[in-house]
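The values are calculated or read from the model by the stated rules, or taken from the named source; none is laboratory data. Here the structure is a predicted model, which means the values were calculated and not measured. A quick note on method: Cβ atoms are made from the backbone with ideal geometry, for glycine too, and the neighbour counts reach across all protein chains shown.
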Amino acid sequence: MVLHTLNQAPANAACMASALAAMTAQDTLLLIEDGVYWTLPTFASQLANIPGSVVALAPDLQARGLTSDAIESVDDAGFVALCVSHDKVVSWF
Amino acid sequence: MIFSIVVQASPVQNQGAETALRFARAVLAAGHSIHRIFFYRDGVQNGSALSCTPQDELNIPQQWQALAKQHQLDLVVCIAAAVRRGVINEQEATRYKREQWNLNDAFELSGLGQLVEACIQSDRVVTFGGRS
């Protein structure tokens, strides 16, 4: 079980493609910083096919005026908890 | 659990350093310990004592210093990445014949071996990156 963090906006789709290629069904993808723009409805279909689960960092959503009903969000404490519940953390940037 | 944090983002160009700072606070608030925070690539700019942030903005280098003081954190700046970016301490200023130095006292210059050691000693290593 690996926690993947991704901080790149959809403008850098190659970063997301690399992350997805490395993910398995047991992994979690945490969208942080500009990565939370992937929660916009226009990208929903792309996120639907991700192996594993997708989570977004709440303070970064809030800073950008985004709300994600479809995607679960966690605060900073939740980010730490995800690090604990996964074996390792891989950062995509 | 023992955490180490790698900061590869400068405090001004990307959000990575600020996210790392928030994460470090959350790690400590959850009762975990931080073995080391390693500043690498453009992240070495976090160690500068000379950055002046507008008063209504977060001074991230200063926040690292305050957090380190409060929790006795080991803030290590990669020496090879730092000297080429002009982030040096008194010892390196002497070595490279410079008249000034700017590394804040809360940080120490050391090598990649400290990153390897942190990976061995820690249960989790979390990297915060920035594109340069």
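The single condition from (1) more than 8 Å from chain A (Cβ to nearest Cβ); (2) of a type outside the set (D, E, K, R); (3) part of a helix (DSSP H, G or I) that B:Pro11 fails is (3).
Here's the yes/no breakdown for (1) at pLDDT below 95; (2) at positive phi; (3) crowded, with 20+ Cβ neighbours inside 10 Å; (4) among the aromatic types (Phe, Trp, Tyr):
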site	(1), (2), (3), (4)
A:Glu33	no, yes, yes, no
A:Trp38	no, no, yes, yes
A:Phe43	yes, no, no, yes
A:Leu47	yes, no, no, no
A:Ile50	yes, no, no, no
A:Asp60	no, no, yes, no
A:Leu66	no, no, no, no
A:Ile71	yes, no, no, no
A:His86	no, no, no, no
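Taken together, B:Ala24, B:Ala66, B:Ala118 contain a single residue that is within 30 Å of A:Ser85 (Cβ to Cβ), touching a helix residue (DSSP H, G or I) at 6+ places or on another chain (Cβ under 8 Å), in a helix (DSSP H, G or I) and of a type outside the set (D, E, K, R), which is B:Ala24. Scanning the range B:8-32 for residues that are farther than 17 Å from A:Asp34 by Cα and either crowded, with 24+ Cβ neighbours inside 10 Å or in contact with a Gly (Cβ under 6 Å, 6 or more places away or on another chain) (or both) gives B:Ala24, B:Val27.
In this structure, is A:Gln8 farther than 21 Å from B:Ala24 by Cβ, within 11 Å of another protein chain (Cβ to nearest Cβ) and not in a helix (DSSP H, G or I)? Considered against the rule, which asks whether it is farther than 21 Å from B:Ala24 by Cβ, within 11 Å of another protein chain (Cβ to nearest Cβ) and not in a helix (DSSP H, G or I), A:Gln8 comes out as yes. The residues in the range B:22-73 that are away from chain A (no Cβ under 13 Å) and among the aliphatic types (A, V, I, L, M) can be counted, and the count is 9.
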